[in-house]
Amino acid sequence: MSQETEIKHKKAKITAIFLLVMVVAIYLTVIFKQW
Amino acid sequence: MAAVHGDAHGHEHDDHHPSGIMRWVKTTNHKDIGTMYLWFSFTMFMVGGFLAMGIRAELYQPGIQILEPELFNQFTTLHGLIMVFGAIMPAFVGFANWQVPMMIGAPDMAFARMNNWSFWLLPVAATMLIGSFFVPGGAAAGGWTFYPPLSTQGGLGVDLMIFSVHVLGASSIMGSINIITTILNMRAPGMTLMKMPMFVWTWLITAYLLVLVMPVLAGVVTMLLTDRHFGTSFFNAAGGGDPVLFQHIFWFFGHPEVYIMILPAFGIVSEIIPTFSRKPLFGYSSMVYATASIAILSCVVWAHHMFTAGMPAVGQLFFMYATMLIAVPTAVKVFNWTATMWRGSMTFETPMLFSIGFIFLFVIGGFSGVICAIVPIDIQVQDTYYVIAHFHYVLVSGALFALFAGVYYWIPKWTGHMYSETLGKWHFWLSMFFFNMTFFVQHFLGLAGMPRRVPDYNLQFADFNMISSLGAFGFGLTQLLFLYLVIDCIRKGEKASQMPWDGATTLEWTHLPSPAPYHTFETPPVIK
């Protein structure tokens with residue numbers, strides 16, 4: 001795998017993890033805000 | 001669209017693909033998954049349509065004819081849920097799967113295995129939802145918005161609905177994360193954000209909306225579930241909770257959801273109108289900003305669905321004016337589409353007819369939306385057929401017509417065959433006629449006070465209801481013509497050239513043969 005592809009994969013993973021964390025945070029906030 | 005040069009045919013080799021049923025079960029190819037999404041959504045459209053026919057058959061004349069009130073309520077509830085979550089949303093995801101990688105010059109979606117998983121969750125959820133008709137007590141019957149206390153009191157059908165909404169939400173979240181990651185990281189060299197086709201832009205913004213609001217829906221149905229089974233009282237007034245809280249949280253998801261269903265439709269129409277006007281899209285950057293503005297505003301207008309639920313006057317005023325404000329970026333879009341057509345060399349093939357039909361009828365739906373946003377009027381028309389007419393003008397002649405336009409536009413690229421233009425035009429004109437016959441008269445019914453979700457009505461509403469039901473049966477039959485047309489196109493259609501539409505400028509037309517090979521853009525094109 002070229003270095004460029006590796007950097008691309010890493011960037012894609014970081015984007016996805018960031019979005020996933022955002023989803024989980026919103027989900028938990030909605031519930032615990034009303035607890 | 002920017003000019004393109006460089007290795008245009010990186011897809012030429014390696015066009016083999018697995019065959020048999022396992023090709024579809026295990027596929028990670030964006031085109032296969034897109035195809036499955038589209039067929040799944042059409043199947044759900046038929047199921048939801050069957051329920052609609054049942055509803056309209058019952059309402060054909062006053063009195064109880066064929067559906068007991070309880071079953072009628074289940075039909076209206078499941079019709080809404082299936083059409084929103086099973087038909088319209090997956091259809092747009094199908095378009096995103098097929099088109100986004102090809103339009104940005106990417107070989108596939110960023111997370112191909114997750115893409116497979118996103119799709120295969122759908123049949124599971126749909127089976128639970130449709131299967132809920134056959135459990136003791138029947139399906140959920142409290143409306144597609146499943147407000148408590150009805151939804152906290154229902155039987156097993158409500159639990160199945162809650163699970164299926166959870167699963168559908170998980171599928172949507174995975175799909176949207178995939179789309180955002182693909183668009184942000186896998187564009188061909190030289191394709192900056194402001195050079196992306198409008199369809200890709202609208203999907204990028206839609207995917208962000210999904211990531212923002214789907215967890216909110218998941219949260220509210222989780223709370224519903226714990227209220228039903230684990231002794232919490234989020235929405236139970238007797239336990240210190242508040243049923244109106246549910247409405248606030250639901251509509252914080254629900255209103256952006258409307259735009260999730262319409263923004264990709266704007267994207268499709270924004271591709272088709274320039275092609276058949278043979279002119280670049282007028283005001284590209286203003287289209288992008290208008291789409292983003294609509295998305296942002298859609299998150300601060302939710303309580304206009306709740307004007308009669310009890311709200312301070314200042315709240316009513318805020319939500320009324322904020323809602324009206326959405327008309328501004330929407331008008332920018334309508335102006336730009338019209339300006340694109342202005343003095344263009346227009347031709348009126350079926351995709352263009354559906355796009356113009358979309359603009360014409362969506363504007364009617366938009367205007368009745370502004371009317372509903374006005375508090376004193378909304379208090380009169382709340383829960384009447386006026387609201388039914390309004391949102392069907394937005395979702396049927398809006399989202400669905402744009403989907404039809406998109407299928408006719410891209411089917412030569414997907415299948416390598418042309419559809420029958422004569423049958424396509426018949427499909428358009430019959431849909432146009434029967435759609436208006438079904439829903440235009442519902443404005444009058446609503447203004448006269450006919451309530452929604454009730455299987456019987458006063459004699460004064462009989463004539464318009466008969467017209468509406470006849471129109472609905474015609475509209476339903478017309479969609480069978482569409483099914484025939486698509487199958488006929490796949491099996492016997494005339495061979496399509498690489499660029500059947502001479503005004504098209506996006507990568508899938510300029511760079512790929514028809515049908516698009518199984519693997520495309522393994523070597524990305526370079527965009528100047």
The lone exception for B:Tyr147 - which of (1) in a helix (DSSP H, G or I); (2) touching a residue at least 24 places away in the same chain (Cβ under 8 Å); (3) open to solvent by 20 Å² or more (accessible area, probe 1.4 Å) it fails
(1)
Scan the stretch B:160-179 and tell me whether some residue there is assigned to a helix (DSSP H, G or I), open to solvent by 10 Å² or more (accessible area, probe 1.4 Å) and either touching a strand residue (DSSP E or B) at 6+ places or on another chain (Cβ under 8 Å) or farther than 26 Å from B:Asn97 by Cβ (or both).
yes
On the basis of being open to solvent by 50 Å² or more (accessible area, probe 1.4 Å) and under 23 Å from the mean Cα position of the chain (by Cα), does B:Trp98 make the cut?
no
Out of B:Val486, B:Val441, report the one residue that is under 30 Å from B:Leu67 (Cα atoms), modelled with pLDDT of 95 or more, of a type in the set (Val, Ile, Thr) and out of contact with any Cys (no Cβ under 6 Å at 6 or more places or on another chain).
B:Val441
Checked the stretch A:1-14 for anything within 8 Å of chain B (Cβ to nearest Cβ) and modelled with pLDDT under 90; matches are A:Lys8
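Return a yes/no flag: does the stretch B:168-176 have any residue that is under 16 Å from B:Phe111 (Cα atoms), more than 10 Å from chain A (Cβ to nearest Cβ) and among the hydroxyl-bearing types (Ser, Thr, Tyr).
Going residue by residue through the stretch B:168-176, those that are under 16 Å from B:Phe111 (Cα atoms) are B:170-176.
Those still in the list that are more than 10 Å from chain A (Cβ to nearest Cβ) too: B:171-172, B:175.
Those still in the list that are among the hydroxyl-bearing types (Ser, Thr, Tyr) too: B:171-172.
Within the stretch B:168-176, one or more residues are under 16 Å from B:Phe111 (Cα atoms), more than 10 Å from chain A (Cβ to nearest Cβ) and among the hydroxyl-bearing types (Ser, Thr, Tyr).
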Within the stretch B:419-445, residues more than 22 Å from B:Ile388 (Cβ to Cβ), of a type outside the set (D, E, K, R) and either free of Cβ contacts under 8 Å to residues at least 60 places away in the same chain or open to solvent by 40 Å² or more (accessible area, probe 1.4 Å) (or both) come out as B:Thr422, B:Leu423, B:Trp426, B:Trp429
Would you point out the residue of the stretch A:15-24, among those that are aliphatic (A, V, I, L, M) and either more than 9 Å from every other protein chain (Cβ to nearest Cβ) or open to solvent by less than 50 Å² (accessible area, probe 1.4 Å) (or both), that is nearest to B:Ala207 (Cα to Cα)?
A:Leu19
How many of the residues in the stretch B:220-238 are part of a loop (DSSP other than H, G, I, E, B), out of contact with any helix residue (DSSP H, G or I) (no Cβ under 8 Å at 6 or more places or on another chain) and within 9 Å of chain A (Cβ to nearest Cβ)?
0
Based on what the data block shows, is B:Val288 touching a residue at least 60 places away in the same chain (Cβ under 8 Å) and either among the basic types (Lys, Arg) or out of contact with any Ser or Thr (no Cβ under 8 Å at 6 or more places or on another chain) (or both)?
yes
Boolean, B:Leu361 is closer than 30 Å to B:Pro515 by Cα and assigned to a helix (DSSP H, G or I):
no
Quick one: would you say B:Thr232 is open to solvent by 40 Å² or more (accessible area, probe 1.4 Å), free of Cβ contacts under 8 Å to residues at least 24 places away in the same chain, among the polar types (S, T, N, Q) and farther than 23 Å from B:Ile374 by Cβ?
no
Of all the residues that make up the stretch B:111-131, how many are crowded, with 24+ Cβ neighbours inside 10 Å and either free of Cβ contacts under 8 Å to residues at least 60 places away in the same chain or over 19 Å from B:Trp24 (Cα atoms) (or both)?
1
Does B:Phe250 fit the bill of being surrounded by 23 or more Cβ atoms within 10 Å (Cβ to Cβ) and either of a type in the set (Ser, Thr, Tyr) or touching a residue at least 12 places away in the same chain (Cβ under 8 Å) (or both)?
yes
Where a residue in the stretch B:68-80 is at positive phi and its partner, wherever it lies, is surrounded by fewer than 19 Cβ atoms within 10 Å (Cβ to Cβ) and assigned to a helix (DSSP H, G or I), with Cβ under 7 Å and at least six apart
none
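When the residues of the stretch A:25-35 are narrowed to those that are in a helix (DSSP H, G or I) and at the interface with chain B (Cβ under 7 Å from one of its Cβ atoms), which ends up most open to solvent (accessible area, probe 1.4 Å)?
Residues of the stretch A:25-35 in a helix (DSSP H, G or I): A:25-33.
Checking which are at the interface with chain B (Cβ under 7 Å from one of its Cβ atoms) leaves us with A:26-27, A:30-31.
Numbers: A:Ile26: 33, A:Tyr27: 63, A:Val30: 22, A:Ile31: 18 Å².
So, considering only residues that are in a helix (DSSP H, G or I) and at the interface with chain B (Cβ under 7 Å from one of its Cβ atoms), the one most open to solvent (accessible area, probe 1.4 Å) is A:Tyr27.
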So, of the residues in the stretch B:188-219 that are open to solvent by less than 10 Å² (accessible area, probe 1.4 Å) and touching a strand residue (DSSP E or B) at 6+ places or on another chain (Cβ under 8 Å), which turns out to be nearest to the other protein chains (Cβ to nearest Cβ)?
B:Ala188
Scan B:Thr330, B:Thr338 and give me the residue that is polar (S, T, N, Q), within 25 Å of B:Phe404 (Cα to Cα) and touching a residue at least 24 places away in the same chain (Cβ under 8 Å).
B:Thr330
For B:Ser497, indicate whether it is loosely packed, with under 15 Cβ neighbours inside 10 Å, of a type in the set (Ser, Thr, Tyr) and in a loop (DSSP other than H, G, I, E, B).
yes
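The values are calculated or read from the model by the stated rules, or taken from the named source; none is laboratory data. Keep in mind that what you see is a predicted model, and the values were worked out from it rather than measured. Cβ sites come from the backbone with ideal geometry, for glycine too, and all protein chains shown count toward neighbours. Please note that ligands, DNA and RNA were not included when accessible areas were found on the heavy atoms of the full protein model with its side chains. Shrake-Rupley method; radii C 1.70, N 1.55, O 1.52, S 1.80 Å.
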